[in-house]
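Data first, discussion second: the structure below is written as structure tokens.
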Amino acid sequence: MQTRPLGRTGVNVSAVCLGTMTFGEQNTEAEGHVQMDHAVSRGINFFDTAEMYSVPPKAETYGSTERIVGSWLKKRGKRDDLVIASKIAGAGPMDWLRAERRPTRLDRAQMTEALDNSLKRLGTDYIDLYQLHWPERPAPFGANPTRFEQALWAPRDDETSIGEQLEVLGDFVRAGKVRFIGLSNESAWGTMSFLGESTSRGLPRVQSVQNAYHLLNRTFETALAEVALREQVGLLAYSPLAQGFLTGKYLDGARPPGARVTLFNRQQRYEKPGSEAAIKDYLAVAAEAGLDGATLAIAFVISRGFVTSAIVGATSMAQLKVAIDAADVVLPPDVLAKIDAIHQLRGNPAP
């Protein structure tokens with residue numbers, strides 16, 4: 001398993017990161033432990049979780065994924081060999097994440113509560129990479145926003161400023177509870193604003209951005225890829241398989257038993273006009289190259305110079321093995337050229 005630098009930390013992480021959001025919902029604790037055992041045996045040293053997981057987020061299961069990771073750490077005793085990443089929820093309505101049942105915000109009180117709870121569930125004294133799951137401010141998501149969505153980006157009077165958020169994160173780092181900080185679901189403007197504040201005020205530097213990136217959504221390349229390369233704030237690419245759509249298992253309306261879309265029906269972002277045609281095109285390239293769709297999709301993500309790690313999740317060991325094996329696949333220039341030709345034609349149908 002190849003490794004890559006995590007920002008400017010001096011720490012290297014595996015090019016594949018084990019995503020754990022299915023633990024506690026689609027996967028039992030025992031199954032999660034087996035997945036983590038296998039991941040480590042294959043050279044993965046990087047696990048990602050979040051306070052709101054399992055997914056889909058709900059009051060009954062939040063925090064369960066961190067608890068499962070924590071119980072595995074307690075059994076295996078491999079804490080110092082691993083880079084554990086977790087995330088705090090940004091501004092939103094999930095009031096069940098907080099003791100006082102308040103909507104989530106990135107203020108000092110809530111950030112402190114969230115971190116302490118994550119540490120307790122994980123059974124560790126520190127989190128290697130603590131990420132802001134999405135912004136405190138109203139911010140753009142997706143491509144080609146409507147005028148209504150653009151209006152929602154206007155600053156709120158009660159926003160916690162980026163500087164204030166960094167001050168709290170700095171206190172976490174000084175206390176030894178967090179080693180490094182990162183962002184998630186963030187824009188180029190937001191990332192550069194965090195970097196500017198950290199430089200001017202001597203506060204911790206953002207080391208990574210965890211955003212969606214896959215063959216149906218290459219919008220990261222528009223602005224954030226330059227930030228990632230020039231500032232060494234690499235992409236932790238989530239959903240490299242577009243939540244499984246790039247495997248082809250949902251084509252023509254198929255709904256396999258036990259699959260995420262079948263169970264939860266909440267992946268409409270991957271069912272937008274043009275998505276299915278693009279998926280079929282990419283699967284044809286994979287077949288011509290003698291690869292399955294999952295291998296092509298993950299190998300493509302890992303091939304990008306601005307990607308630090310591709311976050312893969314699985315509900316079965318067979319899926320996990322395919323995902324990890326993809327890290328060893330180098331796509332030849334002609335295959336990459338065919339992928340780019342499809343992208344020129346199909347664009348980003350599922351941002």
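No lab work stands behind these numbers, since they all come straight from the coordinates. Predicted, not measured: the structure shown is a model, and the values here were computed from it. Note that each Cβ is placed from the backbone with ideal geometry, even for glycine, and that neighbours are counted across all protein chains shown.
Between amide H atoms placed 1.01 Å from N, distances below 5 Å from Asn211 occur with Asn185, Leu236, Tyr238, all of them 5 or more places distant or on a separate chain.
If a/c stays under 1.5 just call it rounded; otherwise compare a/b with b/c (prolate if a/b is bigger, oblate if not). Do that for region 197-266, with a ≥ b ≥ c from the square roots of the Cα gyration tensor eigenvalues. The shape class here is prolate. Just so you know, the Rg over Rh for the chain is 0.94, from Cα atoms, with Rh as the Kirkwood radius. Across the alpha-carbon atoms of region 145-250, the computed radius of gyration and Dmax are 16.1, 49 angstrom. Distance from the Cα centroid of region 254-303 to that of region 1-69 is 22 Å (rounded to whole angstrom).
In region 64-221 the Cα-Cα distances spread across 5 Å bins starting at 0 as 2, 8, 16, 20, 20, 15, 11, 5, 2, 1, 0 percent of all pairs. Computed from the alpha carbon atoms alone, the convex hull of region 1-143 holds 133 Å³ per residue. The simple spin-label model puts a point 7 Å past each Cα toward its Cβ; for Val330 and Arg174 those points are separated by 4.7 nm. Comparing Asn265, Asn117, Asn12 in a Gaussian network model of the chain, where Cα atoms under 10 Å apart are tied by springs, the biggest mean-square fluctuation is seen for Asn265. Helices in the chain, meaning DSSP H runs of at least 4 residues, each add -39500 (n - 2.57). Divided by all residues, the mean residue ellipticity at 222 nm is -11500 deg cm²/dmol. Rounded to the nearest Hz, the phi-derived 3J(HN,Hα) couplings of region 210-220 under the Karplus curve 6.51 cos²θ - 1.76 cosθ + 1.60 (θ = phi - 60°) are 9, 10, 5, 7, 6, 4, 8, 8, 10, 5, 4, where x marks glycine and proline. Annotation: amide H of Leu82 has no partner in the under-5 Å range at sequence separation 5 or more or interchain, hydrogens built in the peptide plane.
In this structure, the amide hydrogen of Gln131, modeled 1.01 Å from its nitrogen in the peptide plane, lies closer than 5 angstrom to those of Ser86, Lys87, Ile88, Gly182, counting only residues at least 5 positions away or on a different chain.
Kirkwood radius and radius of gyration were both taken over the C-alpha atoms of region 284-346, and their ratio Rg/Rh is 0.97.
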